[in-house]
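Each remark here refers to the structure printed beneath this line.
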Amino acid sequence: MKNQIIKEFKERFTSSPTLYASAGRINLIGEHTDYNGGFVFPGAIDKGIMAAVAPNAGERVRVYAVNLGEYAEFGLEEKDAPRQSWARYVFGVAREIIKRGGTVKGFDAVFAGDVPLGAGLSSSAALESCFAFALNDLFNDNRIDRIELARIGQSTEHNYCGVNCGIMDQFASVMGQRGKLIRLDCRSMEYEYFPFDPADYELVLIDSKVKHELAGSPYNRRRESCERVAARLGVETLRDATMDMLEAAKSDISDEDYKRAKFVIEEKERVLTVCDALLAGDYEEVGRQMYATHRGLSADYEVSCEELDFLNEVARECGVAGSRIMGGGFGGCTINLVAKDRMSHFVTEAVGRFRERYGHAPEVYPVVISAGARRLD
Ligand code: ADP
Ligand code: MG
């Protein structure tokens, strides 16, 4: 990828560029917890975006997207927003830096990536954090701290791409380190690194490639359930609730709201259990918590679907250590923690049996926990 980017850059521009890279992300555990003030547990992966970037001494941005074979050129004022959706990520990052009092001048760039688009691995965050890091390095002497770079990516999604996301994706993409996951407290933004560098296990994502749109707005309905229960229990968010509190109030809460809150409260505990297990190097325990999360997402939070439950069951039958839905649910990937000597058997079974049943093969993405945004020298 690196050689191709440099070659494409030389064909289009005359200056000599600096290379930057950033990463997509996984979330090991901690689902539907962000809006409940809880924990998420992401890490950057070995799939990302790489960009060659050089200032061009003008006021315009010229950028070529290798994977799409598309070129865009635009100015740096609010009125200059490009039409192409991919270019709006680059434009948005530049604008958000400028809005914060930072400097961005004209630049030339060529970029490419290997994060599958829209598969739940956050290719958009990889793109944002790569350019945020590059523009901070080239025009701002790295004065903008990394957390702010993540916020710049998040604001780009909100203000230029129409995606009202939380901070997790950009945070992981900017802050990720090789062999480490990050427990991020979505209430306080405190974070802590935990080792994730198993000798005998690997992570693999199985992408069902289905996306079910359910009637109504299931995501908003679940948020509302959580807010109702929090209000009933007299806490700001379910972060501050315990199972004892929930049980004591059970008769005043609808069965559905009870199940939703139960999942959120238990999920908070599972994240903390996984932290202890990682410190002890106990990956079998990590895996058990992942299965428990899947059960909760399926039975209590009710955001699974037939295809994801099927993949989870195949994982169990193949002796996979841990498996669960990754992301909001209703489709997308499962994330699987697999002993190395079971990997090829599991992947063969998952792909073959899924295809037989649903008529299309799932995609398989092995991932290694790797570094986030950085300059390549
Ligand atoms: P994801 O879950 O992967 O973040 P999104 O829909 O949020 O999915 O972001 C995908 C969008 O990000 C693409 O449609 C494209 O505009 C942009 N993008 C990501 N990676 C690339 C790439 N390698 N080249 C061009 N655009 C990209
Ligand atoms: Mg995205």
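The values are calculated or read from the model by the stated rules, or taken from the named source; none is laboratory data. Model, not experiment: these values are computed from the prediction. Cβ sites come from the backbone with ideal geometry, for glycine too, and all protein chains shown count toward neighbours.
Each residue in segment 168-205 was checked for being within 16 Å of ligand 1 (Cβ to nearest atom) and either of a type outside the set (S, T, N, Q) or exposed (fewer than 14 other Cβ atoms within 10 Å of the Cβ) (or both), and 7 pass. With Asn136, Asn142 as the choices, which residue is away from ligand 2 (no atom under 16 Å from the Cβ) and in a helix (DSSP H, G or I)? Testing whether each residue is away from ligand 2 (no atom under 16 Å from the Cβ) and in a helix (DSSP H, G or I) leaves just Asn136. Checking the stated criteria, Ala65 turns out not to satisfy the condition of being touching a Gly at 6+ places or on another chain (Cβ under 8 Å), at pLDDT 95 or above and within 15 Å of ligand 1 (Cβ to nearest atom).
Among the residues in segment 55-72, are any within 16 Å of Ile5 (Cα to Cα), acidic (Asp, Glu), touching a residue at least 24 places away in the same chain (Cβ under 8 Å) and not in a helix (DSSP H, G or I)? The answer is no, given that none of the residues of segment 55-72 is within 16 Å of Ile5 (Cα to Cα), acidic (Asp, Glu), touching a residue at least 24 places away in the same chain (Cβ under 8 Å) and not in a helix (DSSP H, G or I).
Residues considered: Ala134, Ala119. Of these, the only one that is at pLDDT 95 or above and within 16 Å of ligand 1 (Cβ to nearest atom) is Ala134.
Conditions (1) near ligand 1 (Cβ under 7 Å from one of its atoms); (2) under 18 Å from Leu138 (Cα atoms); (3) surrounded by fewer than 23 Cβ atoms within 10 Å (Cβ to Cβ), marked per residue:
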site: Tyr71; (1), (2), (3): no, no, yes
site: Glu77; (1), (2), (3): no, no, yes
site: Gln84; (1), (2), (3): no, no, yes
site: Arg95; (1), (2), (3): no, yes, yes
site: Arg100; (1), (2), (3): no, yes, yes
site: Gly106; (1), (2), (3): no, yes, yes
site: Val110; (1), (2), (3): no, yes, no
site: Ser123; (1), (2), (3): yes, no, no
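Residues that are in contact (Cβ under 8 Å) with a residue 12 or more places away in the chain and near ligand 2 (Cβ under 10 Å from one of its atoms) within segment 107-118 comprise just one, Val115.
When the residues of segment 244-284 are filtered to those that are more than 25 Å from the chain's Cα centre (by Cα) and assigned to a loop (DSSP other than H, G, I, E, B), the one that is nearest to Ile182 (Cα to Cα) is Ala280.
Tell me, yes or no, whether segment 224-243 has at least one residue that is touching a residue at least 24 places away in the same chain (Cβ under 8 Å), in contact with a Pro (Cβ under 8 Å, 6 or more places away or on another chain) and not in a helix (DSSP H, G or I). No, the conditions are met nowhere in segment 224-243.
Is there a residue being closer than 30 Å to Val286 by Cβ, in contact with a Ser or Thr (Cβ under 8 Å, 6 or more places away or on another chain), polar (S, T, N, Q) and within 16 Å of ligand 2 (Cβ to nearest atom) anywhere in segment 149-167? Checked against the condition, which is being closer than 30 Å to Val286 by Cβ, in contact with a Ser or Thr (Cβ under 8 Å, 6 or more places away or on another chain), polar (S, T, N, Q) and within 16 Å of ligand 2 (Cβ to nearest atom), segment 149-167 yields no hits at all.
Only one of the listed residues (Glu73, Glu59) is in the same structural domain as Phe139 (by TED's automatic domain parsing), modelled with pLDDT of 95 or more, more than 28 Å from the chain's Cα centre (by Cα) and more than 19 Å from Cys161 (Cα to Cα). That residue is Glu59.
Filtering Arg270, Arg187 for residues that are touching a Gly at 6+ places or on another chain (Cβ under 9 Å) and not assigned by TED's automatic domain parsing to the domain that holds Asn312 leaves a single hit, Arg187.
Determine whether segment 199-211 contains at least one residue that is more than 16 Å from ligand 2 (Cβ to nearest atom), β-branched (Val, Ile, Thr), outside the structural domain of Gly38 (by TED's automatic domain parsing) and closer than 30 Å to Ser251 by Cα. No.
Which of the residues that make up segment 155-167 are within 12 Å of ligand 1 (Cβ to nearest atom) and either on the phi < 0 side of the Ramachandran plot or at pLDDT 95 or above (or both)? Once the filter is applied, which keeps residues that are within 12 Å of ligand 1 (Cβ to nearest atom) and either on the phi < 0 side of the Ramachandran plot or at pLDDT 95 or above (or both), segment 155-167 yields Thr156, Glu157, Tyr160, Cys161, Val163, Asn164, Cys165.
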